Amino acid sequence: MPPEFDILIKSGQILDGTGNPWYAADVGIQGGRITRIQKEIDPQFARRVIDAHGLTVCPGFIDTHSHDDVYLLVNPRCDEKILQGVTTNVIGNCGISVSPLSNEHSAEMTSFLAVMCGQQVSTEVLNLRTFGDYLTNLETLKPGMNVLPLVGHSTVRIAAMGAANRVPSENELKEMKAHVARAMEEGAFGLSTGLIYAPSNYARTEEIVELAKAAGRFHGIYTTHMRSEGDAEPAAIAEAVRIGQEGGMPIHISHHKVLGKQNWGKSVDTLKMMAEARDRGVEVTCDQYPYRAGSTFLAAVLPPAVLAGGPEVFTAKLKDRSFRAQVVETIERGSEAGWENLIKGAGFEGLMISVSRHEAYVGKSISDIARMENKSPYDVIFDLVVEESLGCIIILFMMDEADIIRIMRNPWTMIGTDGIPGFGVKKVHPRMSGTFPRILGRYVREQGVLTIEEAIRKMTSLSAQTFGVRGKGILKEGFDADVVIFDPATILDQATYEEPNQGPVGIRYVLVNGEIAAQDGKVTGATSGKVLRHSK
Ligand SMILES: [Zn+2]
């Protein structure tokens with residue numbers, strides 16, 4: 001008699017992902033699915049037995065916010081995520097997806113993707129014209145985890161009208177809507193915006209409402225990196241809610257946070273706004289990464305007016321001393337509409353270099369470097385921007401721990417990394433390698449911020465429900481065998497701001513569609529991920 005199970009997970013404590021407390025049972029897996037869960041399953045019916053005694057067995061984690069769109073084409077296994085227990089990766093966030101592309105604006109698209117995804121995109125990638133082409137290509141490459149795609153607003157806008165800073169013509173808007181509808185037909189789960197990034201931020205609310213309507217017909221989700229996460233955050237939440245409501249889509253606020261010392265504590269108000277929308281029957285959710293610091297280009301600390309015209313223009317202007325003096329004056333004056341003053345919000349000591357051609361600067365703050373070089377902190381920034389343009393990346397310490405905890409405890413907050421891939425070499429933000437184990441080690445075990453049941457729910461069933469993915473997020477017979485087996489007593493992130501690429505400890509096994517993708521901190525090389533497609 002052939003064995004009934006490919007894998008049998010014996011004697012573990014099951015946390016099924018719904019928020020229910022653990023129970024003891026064995027889990028039988030066959031053909032990529034969970035085929036049986038019961039108290040005692042005889043190991044003789046299994047080809048392979050995993051002893052999970054003393055370990056927690058839970059559904060694979062869903063990373064609701066990733067930027068691995070290009071990385072997956074280069075390293076389809078995406079090891080950093082697998083090692084954290086991520087088995088489903090939501091891509092296409094913050095308005096940035098690899099496709100659709102148009103012939104007419106392919107140069108603008110190449111430079112946009114090079115900047116936003118941290119890597120020059122090869123011409124082969126640019127041959128992937130439609131959203132469906134990209135997904136098919138990803139399938140051929142065999143990803144290490146499941147991929148759940150969104151279509152990005154900036155990408156769609158570039159395809160229709162390049163990087164132009166203006167309102168679209170009627171025809172351009174029509175073309176954008178057609179791109180969105182086609183992407184939804186070809187499998188996108190929703191539409192994302194990144195309203196602080198050009199060209200997404202050139203759009204008025206009305207433009208996005210029109211696109212939301214195009215995606216809403218297919219019952220997709222609207223996810224947004226809002227226009228403000230600091231001084232103007234309430235208005236940004238109101239805009240997001242309006243877009244979702246008028247477009248007929250649920251609203252998901254990406255990497256929710258409250259930026260800037262002057263705004264600390266205001267998560268009370270932002271969560272209340274979302275709660276009130278929910279009480280009115282508007283479906284609003286959010287996600288979060290568990291770090292006090294964010295990450296962006298150093299150039300993003302400069303006022304938007306300075307950045308107008310693109311890198312060549314602003315790096316040239318910044319060589320001029322009198323221009324520098326004007327910029328300093330603007331920054332010292334405070335904020336203006338549509339601009340998050342990151343220098344005011346973090347202080348020079350709160351801005352740390354993570355990627356730079358100057359090895360000696362990596363891991364140092366702008367204040368540290370100013371002292372090292374005997375320059376003003378402003379000149380440190382200007383010189384680096386002139387020299388490295390958008391290549392210099394910073395970590396910004398701008399969030400308050402109390403806000404992070406308040407947002408984490410909110411019942412409809414889920415977990416997403418917002419990881420920017422370092423392509424295995426660059427020192428990026430530790431969230432790329434540490435997010436999920438950090439929640440389970442630091443916030444659950446060490447600080448008791450969440451119960452383990454609640455934490456797992458935020459990483460699994462809540463995310464599956466929100467993004468509309470079937471058969472995932474719960475350990476249940478008939479569901480896909482995406483499983484994480486970890487030791488709740490030892491699980492912990494090891495990635496730090498100084499050494500961000502270190503994988504976590506305490507995760508014993510990660511299964512993707514019934515195959516072991518990682519074991520004891522090492523990837524096995526399995527590539528059993530699936531490209532998920534939204535069905536209407
Ligand atoms: Zn974002």
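The values are calculated or read from the model by the stated rules, or taken from the named source; none is laboratory data. On a predicted model such as this, the values are computed, not experimentally measured, just so you know. Heads up, the Cβs are rebuilt from the backbone with ideal geometry, glycines too, and the neighbour counts pull from every protein chain shown.
Table for the structure above
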| read-out | value |
| --- | --- |
| Single residue of MET249, MET273 found to be within 21 Å of ILE62 (Cβ to Cβ), more than 16 Å from the ligand (Cβ to nearest atom) and modelled with pLDDT of 95 or more | MET249 |
| Region 50-78 residues that are within 24 Å of GLY468 (Cα to Cα), paired with ones that are within 16 Å of the ligand (Cβ to nearest atom) and of a type in the set (D, E, K, R) (beta carbon under 6 Å, 6 or more apart) | THR64/ASP287; HIS65/ASP287; HIS65/ASP418; CYS78/ASP68 |
| Scope region 74-90; condition away from the ligand (no atom under 16 Å from the Cβ) and within 14 Å of LYS530 (Cα to Cα); matching residues | PRO76, ARG77, CYS78, ILE82, VAL86, THR87, THR88 |
| In region 259-318, the residues that are assigned to a helix (DSSP H, G or I), hydroxyl-bearing (Ser, Thr, Tyr) and over 23 Å from CYS392 (Cα atoms) | SER267, THR270 |
| Candidate set from region 1-42 (those that are touching a residue at least 24 places away in the same chain (Cβ under 8 Å) and surrounded by fewer than 16 Cβ atoms within 10 Å (Cβ to Cβ)); member that is nearest to the chain's Cα centre (by Cα) | ASN20 |
| Which numbered condition THR18 fails, given (1) away from the ligand (no atom under 16 Å from the Cβ); (2) in a strand (DSSP E or B) | (2) |
| Members of region 217-230 that are away from the ligand (no atom under 16 Å from the Cβ) and either under 16 Å from SER154 (Cβ atoms) or in contact with a strand residue (DSSP E or B) (Cβ under 8 Å, 6 or more places away or on another chain) (or both) | GLY220 |
| Hey, MET432 assigned to a helix (DSSP H, G or I) and buried (at least 24 other Cβ atoms within 10 Å of the Cβ) or not | yes |
| Test: residue in region 55-63 that is under 24 Å from CYS286 (Cβ atoms) and within 16 Å of the ligand (Cβ to nearest atom) | yes |
| Search result, residues across region 232-241 that are at pLDDT below 95 and either surrounded by 22 or more Cβ atoms within 10 Å (Cβ to Cβ) or over 20 Å from ILE404 (Cα atoms) (or both) | none |
| Residues located in region 179-216, provided they are of a type in the set (Gly, Ala, Ser) and within 16 Å of the ligand (Cβ to nearest atom) | GLY190, SER192, GLY194, ALA198, SER200, ALA203 |
| Candidates ILE394, ILE420, ILE474, filtered to the one that is surrounded by fewer than 24 Cβ atoms within 10 Å (Cβ to Cβ), within 16 Å of the ligand (Cβ to nearest atom) and touching a residue at least 60 places away in the same chain (Cβ under 8 Å) | ILE420 |
| Region 276-296: number of residues that are surrounded by 21 or more Cβ atoms within 10 Å (Cβ to Cβ) and in contact with a strand residue (DSSP E or B) (Cβ under 6 Å, 6 or more places away or on another chain) | 7 |
| Some residue of region 443-456 being under 22 Å from ILE91 (Cβ atoms) and of a type outside the set (A, V, I, L, M, F, W, C) | no |
| Residue identified as over 16 Å from PRO304 (Cα atoms), in contact (Cβ under 8 Å) with a residue 12 or more places away in the chain and over 19 Å from the mean Cα position of the chain (by Cα) among GLU401, GLU359 | GLU401 |
| Residue check for PRO100: surrounded by 24 or more Cβ atoms within 10 Å (Cβ to Cβ), assigned to a loop (DSSP other than H, G, I, E, B), at pLDDT below 95 and more than 16 Å from the ligand (Cβ to nearest atom) | yes |
| All positions within region 252-298 that are of a type in the set (Lys, Arg) and free of Cβ contacts under 8 Å to residues at least 12 places away in the same chain | LYS272, ARG280 |
| Meets criteria (closer than 16 Å to VAL98 by Cβ and at pLDDT 95 or above) for PHE131 | no |
| Qualifying residue in region 300-317 (condition: within 15 Å of the ligand (Cβ to nearest atom), closer than 26 Å to ILE343 by Cβ, at pLDDT below 95 and in contact with a Lys or Arg (Cβ under 8 Å, 6 or more places away or on another chain)) | no |
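Results for (1) closer than 15 Å to SER97 by Cα; (2) in a helix (DSSP H, G or I); (3) among the polar types (S, T, N, Q), shown as yes or no for each residue.
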{"site": "ASN137", "(1), (2), (3)": "yes, yes, yes"}
{"site": "GLY144", "(1), (2), (3)": "no, no, no"}
{"site": "VAL147", "(1), (2), (3)": "yes, no, no"}
{"site": "ARG157", "(1), (2), (3)": "yes, yes, no"}
{"site": "LYS177", "(1), (2), (3)": "no, yes, no"}
{"site": "THR193", "(1), (2), (3)": "yes, no, yes"}
{"site": "ILE196", "(1), (2), (3)": "no, no, no"}
{"site": "ASN201", "(1), (2), (3)": "no, yes, yes"}
{"site": "GLU206", "(1), (2), (3)": "no, yes, no"}
